[in-house]
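Here the structure is laid out as structure tokens; the discussion comes afterwards.
Each reported figure results from applying straightforward, stated rules to the coordinates on display, with no laboratory input. This one's a predicted model, so the numbers in the text were calculated from it and none came from an experiment. Backbone-built Cβ (ideal geometry, glycine too); neighbour counts: all protein chains shown.
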Amino acid sequence: MTEKELCQKAMDMLARSYSPYSHFAVGAALECEDGTVFTGCNIENAAFSPTVCAERTAIFKAVSEGYTKFRRIAIAGSSEDFCVPCGVCRQVIREFAPELEIICLNNKGEAKHFTLPQLLPHGFGGEFL
Ligand code: THU
């Protein structure tokens, strides 16, 4: 899949966002090493803390289907800012893909590229335990 196609999948997921409280829709598309793509959206909750981000939805869908090796993730935001992953999502990415390529999109479909080490330097992982 091309980067453009992956980004389009993330943007398509904005329509699935369940975000009645923040009104901040997020979509994600996670590409596995074998090319399989899992998508996700943010899913909010009236109690707030059970809310799950789009990135974690996509990652947990993948892991629950037996996929744990990832190549890149596209994250689509619904504002003019590039949607960077929150700290919790960075840590979840660190668990499975310490070198992951992260493509952050704004609502114009413009992209900024990062790697996880850029967004989470000195991250904590299983090798410390
Ligand atoms: N959100 C994501 O889905 N991903 C991020 O990385 C940033 C935040 C969601 C969570 C919540 O539903 C809304 O955006 C506002 O924080």
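Residues in the stretch 52-73 that are touching a residue at least 12 places away in the same chain (Cβ under 8 Å), out of contact with any helix residue (DSSP H, G or I) (no Cβ under 6 Å at 6 or more places or on another chain) and of a type in the set (S, T, N, Q): T57 only. Any residue at all in the stretch 97-114 that's touching a Lys or Arg at 6+ places or on another chain (Cβ under 9 Å), of a type in the set (A, V, I, L, M) and assigned to a helix (DSSP H, G or I)? No, the stretch 97-114 has no match at all. Suppose we keep only residues that are part of a helix (DSSP H, G or I) and of a type in the set (G, A, S) within the stretch 50-72. Which one would you say is farthest from the chain's Cα centre (by Cα)? So the residue we want is S64. For the stretch 73-84, the count of residues that are surrounded by 19 or more Cβ atoms within 10 Å (Cβ to Cβ), touching an Asp or Glu at 6+ places or on another chain (Cβ under 6 Å) and in a loop (DSSP other than H, G, I, E, B) is zero.
Being crowded, with 22+ Cβ neighbours inside 10 Å and away from the ligand (no atom under 12 Å from the Cβ) narrows it down to one residue among A29, A15; which is it? Only one candidate passes the filter, namely A29.
Checking P117, P85, P98 one by one, the residue that is without any contact (Cβ under 8 Å) to a residue 24 or more places away in the chain and of a type outside the set (S, T, Y) is P117 and no other.
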